[in-house]
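Everything below concerns the one structure shown next.
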Amino acid sequence: MKMMINKKALVVAGLSLVISACSTSPVKKNTAAVKNPPVKQQTRSATPNVTGNNAAQAYVGSKQIASQGIVIASTNNACVDGFNFLKGVNQAEFNDFSSSYGRINQNYTFLNVNKEIMDKDSREVLSMTLNKKLDTLCTKVQYAGFIGVKDKIKALSDI
């Protein structure tokens with residue numbers, strides 16, 4: 001008799017487990033796409049925050065409006081960052097170097113379009129030459145930016 005009750009209890013427990021599993025609804029996943037917040041352009045002041053001296057605060061406050069500008073964020077590409085910096089330091093050199101960069105870029109385009117029909121040696125020589133020219137140009141841009149800063153410092157020494 002006890003065996004019969006245990007079997008019935010076991011069957012009832014098993015059926016109630018199966019029925020309860022069928023009656024619950026599955027948990028739905030949130031399928032809404034994650035949205036990235038829009039990138040906002042920030043302006044920052046290049047002037048120091050002067051406290052305690054009212055005359056200095058007034059002077060800085062009057063000059064602060066003129067010195068505010070857009071801070072250029074890094075592109076994580078040293079050559080592009082060098083070009084962006086040089087544009088602010090020396091526009092004429094920037095234009096010259098930009099022209100050279102355009103010619104190098106045209107040849108990279110030529111290489112990419114024709115690489116399948118070029119022989120291996122020609123493709124390799126052109127690729128190495130373009131890489132060398134680009135590296136040299138980027139170094140010249142970086143140096144021109146350095147010279148621009150050096151000239152600004154020299155101009156400050158005359159004050």
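Applying the Karplus parametrisation 6.51 cos²θ - 1.76 cosθ + 1.60 with θ = phi - 60° to the phi angles of the range 144-159, what ³J(HN,Hα) value in whole Hz is obtained for each residue in order, glycine and proline being reported as x?
Once rounded to whole Hz, the list reads 4, x, 4, 4, x, 5, 4, 5, 5, 5, 4, 5, 6, 5, 7, 6.
Can you sort 117, 72, 147 from fewest to most other Cβ atoms within 10 Å of each residue's own Cβ?
117, 72, 147
Among 116, 124, which comes first, second and so on when ranked by fewest other beta-carbon atoms within 10 Å? Mind dumping the intermediate values first?
Values: 116 7, 124 11.
Least to most surrounded, the residues fall as 116, 124.
Place a +1 charge on the Cβ of each Lys and Arg in the range 77-159 and a -1 charge on the Cβ of each Asp and Glu, then give the dipole magnitude about the Cα centre in debye, rounded to the nearest 20.
80
Throughout, read-outs are computed from the coordinates displayed, never taken from laboratory work. These figures come from a predicted structure and were not determined experimentally. In this analysis, Cβ positions are derived from the backbone assuming ideal geometry, glycine residues included, and neighbour counts consider all displayed protein chains.
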